[in-house]
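Reading through the structure tokens given below for one structure.
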Amino acid sequence: MEQILTPEGTLIADSPLGVDDVRRLYRSMVAARLFDRKSVALQMQGRLATYAPFEGQEAAQVGSAAAMRSDDWMVATYRDAAAMWMQGYPWESLFLWRSGDERGGRPPDDVPVLPPSITVGAHMLHAVGLSWAAKLQGRDTASVTYFGDGATSEGDFHEAMNFASVYSTGTVFVCQNNGYAISMPTDRQTSSDTIAQKADAYGMPGVLVDGNDLLAMYDATSVALARARAGDGPTLIEALTYRIGPHTTNDDPGRYRQRREEDEWRLKDPIERVRRYLEAMGVWDPAWQAEIENVESEVIESAVGQAEAVESQDLEMMFGGMFETPTQNLIAQRELMRPHLEGE
Ligand SMILES: Cc1ncc(C[n+]2csc(CCOP(=O)(O)OP(=O)(O)O)c2C)c(N)n1
């Protein structure tokens with residue numbers, strides 16, 4: 001397993017990033033955790049719909065996304081807000097989307113990120129299509145797609161991996177193996193020793209990375225992106241990590257896993273290990289920590305304010321978000337819904 005920074009914050013290989021960049025990404029991980037915890041709190045207050053927390057997965061998302069160029073495509077899931085934000089998706093759009101408003105699924109035009117996929121696995125194919133299109137157009141932009149261990153049991157995973165390899169597209173597959181697909185542990189999801197080894201069957205490199213190691217994730221993704229840009233084809237990265245919280249705010253992990261396991265993973269916290277490293281380098285102190293937490297919390301509060309200030313969508317928008325001309329099914333559903341909404 002590729003690792004550069006141990007859980008104790010010790011470098012065991014050369015850092016691919018200078019200390020200023022590590023500080024910048026540390027700050028991004030802190031901001032991402034604040035967003036995540038804020039979202040859970042908002043859901044409990046009834047201000048957001050069901051939310052899928054990513055606490056524990058910050059390094060897997062921030063480290064990999066930091067290696068991307070601003071014109072690379074990102075195609076991710078409901079649990080990947082930190083990665084999407086790193087690639088330019090605004091916090092306010094993510095809040096809006098989570099409140100059930102379709103308009104949150106559309107980032108600004110210059111942000112190359114697709115709306116988050118709730119359908120497990122289906123979005124990987126879109127990522128392959130985007131990088132194939134770039135290849136056909138002679139551009140060297142790549143695409144990075146994020147998915148969980150559970151998604152590797154979907155046929156879409158096979159189709160995306162096979163197509164990407166046969167057509168040698170510049171796709172980087174980032175599997176965040178966070179231990180569970182809802183209540184299903186990874187060892188019941190697959191009989192392979194690792195998910196990374198599945199890459200062999202498709203004829204592409206597969207790398208197993210400590211997903212709680214910011215530097216290793218940055219490094220592995222940089223290597224995969226360089227390969228993609230050179231026209232050498234796709235890579236599968238397995239980021240071994242852990243979902244500290246529930247699957248979603250509707251889930252109770254106490255029903256399928258031991259508290260002890262969660263405590264063990266807390267000791268490998270992705271943010272704390274970078275904090276220790278920065279402290280040892282003499283570039284972290286509690287005053288700076290308080291400052292970045294204050295500033296990033298204000299940014300997030302302001303994003304909540306912006307999302308909540310958006311005027312509620314009307315009935316037509318709810319059914320009109322997908323097609324220019326609504327399908328017969330959508331028209332029927334809209335008519336079925338109309339008396340309920342008008343009766344309110
Ligand atoms: C095609 C499909 N089947 C089932 C579901 C219900 N579902 C939502 S999340 C999930 C588990 C996905 O696990 P994993 O891919 O490991 O990602 P994680 O949620 O752990 O990030 C399932 C089965 C779905 N959304 N889409």
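Results for (1) small (Gly, Ala, Ser); (2) under 13 Å from Glu8 (Cα atoms); (3) in a helix (DSSP H, G or I), shown as yes or no for each residue.
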| position | (1), (2), (3) |
| --- | --- |
| Asn250 | no, no, no |
| Glu261 | no, no, yes |
| Glu264 | no, no, yes |
| Lys268 | no, yes, no |
| Arg276 | no, yes, yes |
| Glu279 | no, yes, yes |
| Trp284 | no, no, no |
| Ala290 | yes, no, yes |
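Report yes if Arg98 is of a type in the set (Lys, Arg) and crowded, with 16+ Cβ neighbours inside 10 Å, otherwise no.
Taking the combined requirement at face value, the residue satisfies it.
Only one residue in Gln61, Gln87 is in contact with a strand residue (DSSP E or B) (Cβ under 6 Å, 6 or more places away or on another chain) and polar (S, T, N, Q). Which one?
Gln87
Only one of Asp219, Asp200, Asp213, Asp232 is in contact with a helix residue (DSSP H, G or I) (Cβ under 7 Å, 6 or more places away or on another chain), charged (D, E, K, R), closer than 23 Å to Val144 by Cβ and at pLDDT 95 or above; which?
Asp213 is the lone residue from the list that is in contact with a helix residue (DSSP H, G or I) (Cβ under 7 Å, 6 or more places away or on another chain), charged (D, E, K, R), closer than 23 Å to Val144 by Cβ and at pLDDT 95 or above.
So, in segment 51-60, how many residues would count as being touching a Lys or Arg at 6+ places or on another chain (Cβ under 9 Å) and not in a loop (DSSP other than H, G, I, E, B)?
2
If the requirement is being within 26 Å of Ala32 (Cβ to Cβ) and in contact with a Leu (Cβ under 6 Å, 6 or more places away or on another chain), which of these qualifies: Ser117, Ser183, Ser131, Ser99?
Exactly one residue qualifies, and that residue is Ser99.
Counting just the residues of segment 78-107 that are of a type outside the set (Gly, Ala, Ser) and more than 19 Å from Ser28 (Cβ to Cβ), which one comes out nearest to the ligand (Cβ to nearest atom)?
It comes out as Tyr78.
The values are calculated or read from the model by the stated rules, or taken from the named source; none is laboratory data. What you are looking at is a predicted structure, and each value in this text was computed from that prediction instead of being measured. In this analysis, Cβ positions are derived from the backbone assuming ideal geometry, glycine residues included, and neighbour counts consider all displayed protein chains.
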